[in-house]
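Colleague: Please find one structure pasted underneath; my questions will follow.
The values are calculated or read from the model by the stated rules, or taken from the named source; none is laboratory data. All figures in this text were calculated on a predicted structure; none of them were measured in a lab. All Cβ positions, glycine included, derive from the backbone under ideal geometry; neighbour counts span all protein chains shown.
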Amino acid sequence: GEGLAPCLAQLCGCLRQLRSLFAASERGEGEGASRRSSAAAGGRSRRGRGRRGPLSDWAEETLSPLTSELVTLVRATKALLAAAAAAEIRRADARAAAQAEAAAAAQAAASAAAATHSAAFA
C-alpha cells in the first residue's frame, strides 16, 4: 500500500491541473487562445471546419502530455490496487491456515489428554 499514496496524490494533482486548464479555457484564457479561436471562427463557415485553430493547437500542446500522464497514472494505480488486493488475499489465506493449524493442534492436545485420562483410570 505504500506505493499507492504517492501515485494517488500525483493523480489528484494532474486532475486539479486539468480542471484548472479547462476552467481557464472556459474563461477565455489559455494564452488568449480561445478568444483568438472564437474570432478566427467568426461565422463558423463550413469551409473552415477542417482547419485547426489556435485553441486546438493549445489544447494539443497542453492537454496531450497531461492526458498521457493521467493514463500512465491510472494504469499504475490499477496495478497497485490489484497488487494490494492480492497481498490482502494472501494474508487472509495465511491467517486461515494458521487458525486451522492451531485448531488441529488443540484437537490433538485434547485427544492426548483424553487418552492419558482414560489410561489413568483404566
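Colleague: For the range 77-86, indicate whether the set of residues that are modelled with pLDDT of 85 or more, farther than 18 Å from CYS7 by Cα and either in a helix (DSSP H, G or I) or not acidic (Asp, Glu) (or both) is non-empty.
Modeller: Filtering the range 77-86 down to residues modelled with pLDDT of 85 or more leaves 77-86.
From what is left, the residues that are farther than 18 Å from CYS7 by Cα are 86.
Now narrow it down to the ones that are either in a helix (DSSP H, G or I) or not acidic (Asp, Glu) (or both): 86.
The answer is yes, given that some residue of the range 77-86 is modelled with pLDDT of 85 or more, farther than 18 Å from CYS7 by Cα and either in a helix (DSSP H, G or I) or not acidic (Asp, Glu) (or both).
Colleague: Out of the residues in the range 55-89 that are of a type in the set (Val, Ile, Thr) and surrounded by 12 or more Cβ atoms within 10 Å (Cβ to Cβ), which is nearest to the chain's Cα centre (by Cα)? Quick ask: steps written out before the conclusion?
Modeller: Within the range 55-89, the first condition is being of a type in the set (Val, Ile, Thr), and the residues that meet it are 62, 67, 71-72, 74, 77, 89.
Imposing the further condition that a residue be surrounded by 12 or more Cβ atoms within 10 Å (Cβ to Cβ) reduces the set to 62, 67, 72, 74, 77.
Working: THR62: 22, THR67: 15, THR72: 10, VAL74: 5, THR77: 3 Å.
Checking each candidate, the answer is THR77.
Colleague: Quick check, is ALA97 surrounded by 11 or more Cβ atoms within 10 Å (Cβ to Cβ), part of a helix (DSSP H, G or I), at pLDDT 90 or above and among the hydrophobic types (A, V, I, L, M, F, W, C)?
Modeller: Working: surrounded by 11 or more Cβ atoms within 10 Å (Cβ to Cβ): no; part of a helix (DSSP H, G or I): yes; at pLDDT 90 or above: yes; among the hydrophobic types (A, V, I, L, M, F, W, C): yes.
It is false that ALA97 is surrounded by 11 or more Cβ atoms within 10 Å (Cβ to Cβ), part of a helix (DSSP H, G or I), at pLDDT 90 or above and among the hydrophobic types (A, V, I, L, M, F, W, C).
Colleague: Taking interchain pairs and intrachain pairs at least six residues apart, which have beta carbon atoms under 9 angstrom, with the first residue in the range 7-36 and under 30 Å from ALA84 (Cβ atoms) and surrounded by 16 or more Cβ atoms within 10 Å (Cβ to Cβ) and the second among the hydrophobic types (A, V, I, L, M, F, W, C) and modelled with pLDDT under 80?
Modeller: Every condition considered, the pairs that remain are LEU18/LEU63.
Colleague: Here's something else I'd like to know. Can you tell me which residue is farthest from GLY13 (Cα to Cα) among those in the range 27-76 that are modelled with pLDDT under 80 and of a type in the set (Ser, Thr, Tyr)?
Modeller: Among residues in the range 27-76 that are modelled with pLDDT under 80 and of a type in the set (Ser, Thr, Tyr), the one farthest from GLY13 (Cα to Cα) is SER45.
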